[in-house]
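The values are calculated or read from the model by the stated rules, or taken from the named source; none is laboratory data. These numbers come from a predicted model, not from an experiment. Positions of Cβ are generated from backbone atoms using ideal geometry, with glycine treated the same way; all protein chains shown enter the neighbour counts.
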Amino acid sequence: MLGKLYTSLVRGVPDIVFFLFFVIALDQGVEWLRHQALCPDWTEPVRQGSDFLVCPDAKMPLSTAPQWLHETYNFSLAVVTFAIVFGAFAANVLYGAMNAVPHAQLETAHAYGMSGRQTFWRVLVPQMWVYALPGLGNLWMILIKATPLLFLLGVRDIVYWARELGGSKTGVYEYPHGDWRIYYFLFLLVFYLAFTRVSEIVIERLTRSLSHGQATAAGEKLRRAA
Amino acid sequence: MTCAETFAAYAFRSLGYGERLLPKADITLCEQIVLIGSGLIWNVYFAVMALVLGFFFATALAVAKNSSRALARKPAEWFIFVFRGSPLFIQFFLAYEAFVLLPKVGVEFTLLGIDFSASTRWLTRAWLGATLVLFLNTAAYAGEIFYGALRSVPRGDLEAADAYGLTGWHKFRRITWPTMLRLAWPAYTNEAIFLFHATTLVFFSGFPAWRQMGDALYYASYFADKTFNPFIPYPIVAGFFICGTLSVITVFGLINKRLNRHLPRARRRKIGLRLNLIR
């Protein structure tokens, strides 16, 4: 039931909604927890109209903290958000892969007198990768293509700089060149294309080497060729 | 304001009708639901336009990629590689910057006695520019799906078609194409769902929301900014999108049923749900 709710939620909602939601929710959640822990005698409510107010001690990071700490904190929030969303998906893939390992292998391990833990680590885990790899590779491709969304979460990534440096005018500077953003974005496009292509090749090689000695069609093919 | 008045004022705000100013203070739940729902009109518009137009282009792409002639195959392969290999987000940015640079000339032409004037200015607006990008993008993804299905059309079916003397266009239209669709349909359903979700990116990439006429997520992030409370607007968007996804699944399931109607019950393919997050 919970699994079904989870799948329909994740499948039914655009990922960018998750990203936008989790960043603010995490930020406020951390501050609220610190607020509860650090200033117990604070009486005013946290939500006042459209403001979210916690006591100064509970601010995260503290308002006296240096600038780099603020930026690092923002960055780690974005990373945690990505980890939450993609971690859930990776768990799903690994679960499917564990189920795909032939049951006879596990029964044989038991027959040899291995304990549950030994069976898991010595038989199940080494064999599940070959089944997990297509799913994980897919996830990796998706993750690469999701990284420009970091820009929406307030991280100064490559997209941010392409926009800033490419434009002829920013809030602070006026560059002597015209609007170069289109060339910068063209470069980004080529960069991402190359990135996905290289990943594809690496994943292909990994699949090949993982198939060695496996009881699958690909493994059988390798054995015949040898 | 009562909820009915809010509805009258904001139900079509995303199209430019009704109250001009967005709610600024004392934002009620009703206002959030109505305005976000009004933004959903754009998401549905983008998804439907891109899907319907992209479907035909995708079929052409799949046939071209399956062709034995390099002149047809290579461009299709490159098109699919470029649009599937790069983030949709970057495609939006690039397309918008390119459209801005286009000379602002108008093209006038007469069709069926009616004068049309098309101007490149419209391309920088989301309703045309973003639809174009989404159309090309979904055509590439669906083209790859159709190509895979085209390659797995059973050989027996094609041989039977030959035996009946069907050739060329007739064979494609009567045998190859329906089988291809039948095989590709579960994957294509997923593609439709993800396209629907991808429409939320439009107003977060280059395309500005002209006169604050944006999509569901645009209004949701507006409310999240104003109230500094993400726990109300984002779940509302999520709710709307879950309903939208369910209706996509229903419609595509009906089509799937029709495509599979000649098969014995045991061999019918259910729409399997597959994972594919972001494009």
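Counting only helices (runs of 4 or more DSSP H) that sit wholly inside the range A:114-226, those with at least 2 residues that are within 30 Å of A:V80 (Cα to Cα) and of a type in the set (D, E, K, R) are A:158-166, A:181-210. In the range B:72-92, the residue that is surrounded by the fewest Cβ atoms within 10 Å (Cβ to Cβ) out of those that are within 12 Å of chain A (Cβ to nearest Cβ) and either of a type in the set (G, A, S) or out of contact with any helix residue (DSSP H, G or I) (no Cβ under 9 Å at 6 or more places or on another chain) (or both) is B:W78. Going through (1) within 12 Å of chain B (Cβ to nearest Cβ); (2) surrounded by 13 or more Cβ atoms within 10 Å (Cβ to Cβ); (3) at pLDDT below 80 one by one, A:D51 falls short only on (2).
There is no residue in the range B:117-130 that is of a type outside the set (A, V, I, L, M) and modelled with pLDDT of 90 or more.
Of all residues in the range A:110-165, those satisfying the criterion of being under 30 Å from A:L20 (Cβ atoms) and β-branched (V, I, T) are A:I142, A:I144, A:T147, A:V155, A:I158, A:V159. Take A:S199 and tell me if it is surrounded by 13 or more Cβ atoms within 10 Å (Cβ to Cβ) and either among the acidic types (D, E) or more than 14 Å from every other protein chain (Cβ to nearest Cβ) (or both). When the stated conditions are applied, A:S199 does not pass them. In the set B:G113, B:G106, only one residue is touching a strand residue (DSSP E or B) at 6+ places or on another chain (Cβ under 9 Å), surrounded by fewer than 22 Cβ atoms within 10 Å (Cβ to Cβ) and modelled with pLDDT under 85; that residue is B:G106.
Would you please name the residue that is nearest to B:P87 (Cα to Cα), looking only at residues in the range B:223-279 that are in a helix (DSSP H, G or I) and at pLDDT below 80?
Step one: list which residues in the range B:223-279 are in a helix (DSSP H, G or I), which gives B:223-227, B:233-259, B:265-267.
Filter once more, so that each one left must be at pLDDT below 80: B:265-267.
Values: B:R265: 40, B:A266: 39, B:R267: 37 Å.
Applying the filter and picking the extreme gives B:R267.
Tell me the residue from A:L124, A:L143, A:L165, A:L153 that is aliphatic (A, V, I, L, M) and surrounded by 19 or more Cβ atoms within 10 Å (Cβ to Cβ), please. Answer to the check: A:L153. Can you work out which of the residues in the range B:231-240 that are facing chain A (nearest Cβ under 7 Å) and crowded, with 23+ Cβ neighbours inside 10 Å is farthest from B:S38 (Cα to Cα)? It comes out as B:Y234.
Set side by side, the residues A:Y175, A:Y131 differ, and just one is of a type in the set (S, T, Y), more than 14 Å from every other protein chain (Cβ to nearest Cβ) and in contact with a strand residue (DSSP E or B) (Cβ under 8 Å, 6 or more places away or on another chain), which is A:Y175. Look at B:R73 and say whether it is among the basic types (K, R), in a helix (DSSP H, G or I) and under 18 Å from B:L195 (Cβ atoms). No: the conditions fail for B:R73. Taking the criterion of being more than 8 Å from chain A (Cβ to nearest Cβ) and closer than 19 Å to A:F19 by Cα, would at least one residue in the range B:242-256 satisfy it? Checked the range B:242-256: no residue is more than 8 Å from chain A (Cβ to nearest Cβ) and closer than 19 Å to A:F19 by Cα. Considering the range B:151-207, there are no qualifying helices (runs of 4 or more DSSP H) wholly inside with 2 or more residues that are farther than 30 Å from B:L123 by Cα, touching a helix residue (DSSP H, G or I) at 6+ places or on another chain (Cβ under 7 Å) and among the hydroxyl-bearing types (S, T, Y). Within the range B:180-202, none of the residues are more than 7 Å from chain A (Cβ to nearest Cβ) and without any contact (Cβ under 8 Å) to a residue 24 or more places away in the chain.
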